[in-house]
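Input: a single structure, listed below in structure tokens.
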Amino acid sequence: MEIKECIKGRRSVRKYAYEKIEREVIEELIKAGQYAPSWKNSQTPRYYAAISEGAISAVNSCLPDFNAERTMGVGAYIVTTAKKGLSGCNKDGEYFSHLGNGYECFDNGLAVENIVLYAHSIGYSTLIMGLFDEGALRQLLSIPDDEDIVVVLAVGRRDVEPQRPERKSTEEILKIF
Ligand SMILES: Cc1cc2nc3c(=O)[nH]c(=O)nc-3n(C[C@H](O)[C@H](O)[C@H](O)COP(=O)(O)O)c2cc1C
């Protein structure tokens, strides 16, 4: 798939037809994420993938009702985290950029974008979710305190052809000097 076609064709999907996803597919997706750039190559994103029926159902129960319903039938959830104290930090782990710890989430977003685009290129749809029960997910997946949970990614076979939400005009958001 052409990169431009992939970027333009990816959509957030909110209706899925269940199909099991094998661990090899998850590994392929995460490898795509690993090609993303990161602050000083600090590679702070970490991933917790649920692919068994039990694990999928447990992660689903950590979502608010609207996200739980939208992602019924997904073949996987991937919880992404950012390891703290590496990105945007000096060697003593002190944040020294004007964004504080913001580059941790920035690195995570770059990796997630790689993952969702790669997933789209091999026929899987995704939904990035920023709303979930953080404490419940942390406990369920034994996520350590030195990682911030950033998003939950749903991955599966789409059961709908979603419309492309309107984008602002380029003129509105761009100033060229
Ligand atoms: C950080 C982030 C958090 C999001 N959280 C949610 C969410 O909790 N539930 C949901 O349905 N969509 C969520 N979305 C999806 C956006 O609504 C979606 O990307 C946007 O409407 C544009 O649509 P598109 O992805 O099809 O281009 C999130 C997207 C991002 C990047």
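Just so you know, all these numbers are worked out from the coordinates, no wet-lab data involved. Quantities reported herein were computed from a predicted structural model and do not represent experimental measurements. Because the Cβ atoms are built from the backbone with ideal geometry, glycine has one as well, and the counts that use them run over all protein chains shown.
Out of the residues in the stretch 53-73 that are among the polar types (S, T, N, Q) and not in a helix (DSSP H, G or I), state the one that is farthest from the chain's Cα centre (by Cα). Steps first, answer last, please.
As a first pass, look at the stretch 53-73 and keep what is among the polar types (S, T, N, Q): 57, 60-61, 67, 71.
With not in a helix (DSSP H, G or I) added as a condition, the list becomes 61, 71.
On the way: SER61: 18, THR71: 14 Å.
Applying the filter and picking the extreme gives SER61.
For the stretch 148-167, check the following and say yes or no: at least one residue is farther than 21 Å from ARG70 by Cα, more than 15 Å from the ligand (Cβ to nearest atom) and either touching a Lys or Arg at 6+ places or on another chain (Cβ under 7 Å) or not hydroxyl-bearing (Ser, Thr, Tyr) (or both).
no
Going by what's in this entry, would SER142 be described as free of Cβ contacts under 8 Å to residues at least 24 places away in the same chain, within 26 Å of SER61 (Cβ to Cβ) and either touching a Gly at 6+ places or on another chain (Cβ under 9 Å) or assigned to a loop (DSSP other than H, G, I, E, B) (or both)? Talk me through it step by step, then tell me what you get.
Working: free of Cβ contacts under 8 Å to residues at least 24 places away in the same chain: yes; within 26 Å of SER61 (Cβ to Cβ): yes; either touching a Gly at 6+ places or on another chain (Cβ under 9 Å) or assigned to a loop (DSSP other than H, G, I, E, B) (or both): yes.
Yes.
Return the pair list, or none, for Cβ contacts closer than 8 Å from residues in the stretch 58-79 that are closer than 24 Å to CYS105 by Cβ to residues that are assigned to a loop (DSSP other than H, G, I, E, B) and of a type in the set (D, E, K, R), at least 6 apart or on different chains.
These pairs meet every condition: CYS62/ASP133; LEU63/ASP133; PRO64/ASP133; ARG70/ARG14; ARG70/LYS15; THR71/ARG14.
Considering only residues that are in contact with a helix residue (DSSP H, G or I) (Cβ under 8 Å, 6 or more places away or on another chain) and part of a loop (DSSP other than H, G, I, E, B), look in the stretch 12-34 and name the one that is farthest from ARG157 (Cα to Cα). Spell out how you get there, then give the answer.
We begin by selecting, within the stretch 12-34, every residue in contact with a helix residue (DSSP H, G or I) (Cβ under 8 Å, 6 or more places away or on another chain); these are 14-15, 28-30, 32-34.
Going one step further and asking which of them are part of a loop (DSSP other than H, G, I, E, B), we end up with 14-15.
Values: ARG14: 10, LYS15: 9 Å.
Out of the qualifying residues, it is ARG14.
Among the listed residues GLU104, GLU113, which satisfies the condition of being more than 10 Å from the ligand (Cβ to nearest atom), in a helix (DSSP H, G or I) and not basic (Lys, Arg)?
Values: GLU113 fails: more than 10 Å from the ligand (Cβ to nearest atom).
The match here is GLU104.
Say we look at the stretch 125-136 and pick out the residues that are in contact (Cβ under 8 Å) with a residue 24 or more places away in the chain and more than 15 Å from the chain's Cα centre (by Cα); which of these is farthest from the ligand (Cβ to nearest atom)? Steps first, please.
Step one: list which residues in the stretch 125-136 are in contact (Cβ under 8 Å) with a residue 24 or more places away in the chain, which gives 125-129, 131-133, 136.
Now narrow it down to the ones that are more than 15 Å from the chain's Cα centre (by Cα): 133, 136.
Details: ASP133: 12, ALA136: 15 Å.
Applying the filter and picking the extreme gives ALA136.
With respect to the numbered conditions (1) within 15 Å of the chain's Cα centre (by Cα); (2) surrounded by fewer than 18 Cβ atoms within 10 Å (Cβ to Cβ); (3) small (Gly, Ala, Ser); (4) more than 14 Å from the ligand (Cβ to nearest atom), which one is the sole condition not fulfilled by ALA50?
Result: ALA50 fails condition (2) only.
When you scan the stretch 74-97, do you find a residue that is within 16 Å of the ligand (Cβ to nearest atom), within 17 Å of the chain's Cα centre (by Cα), assigned to a loop (DSSP other than H, G, I, E, B) and surrounded by fewer than 16 Cβ atoms within 10 Å (Cβ to Cβ), even just one?
Of the residues in the stretch 74-97, the ones within 16 Å of the ligand (Cβ to nearest atom) are 74, 77-82.
If we keep only those that are within 17 Å of the chain's Cα centre (by Cα) too, we end up with 74, 77-82.
Narrowing further to those that are assigned to a loop (DSSP other than H, G, I, E, B): 74.
When the remaining residues are screened for being surrounded by fewer than 16 Cβ atoms within 10 Å (Cβ to Cβ), the result is none.
No, the stretch 74-97 has no match at all.
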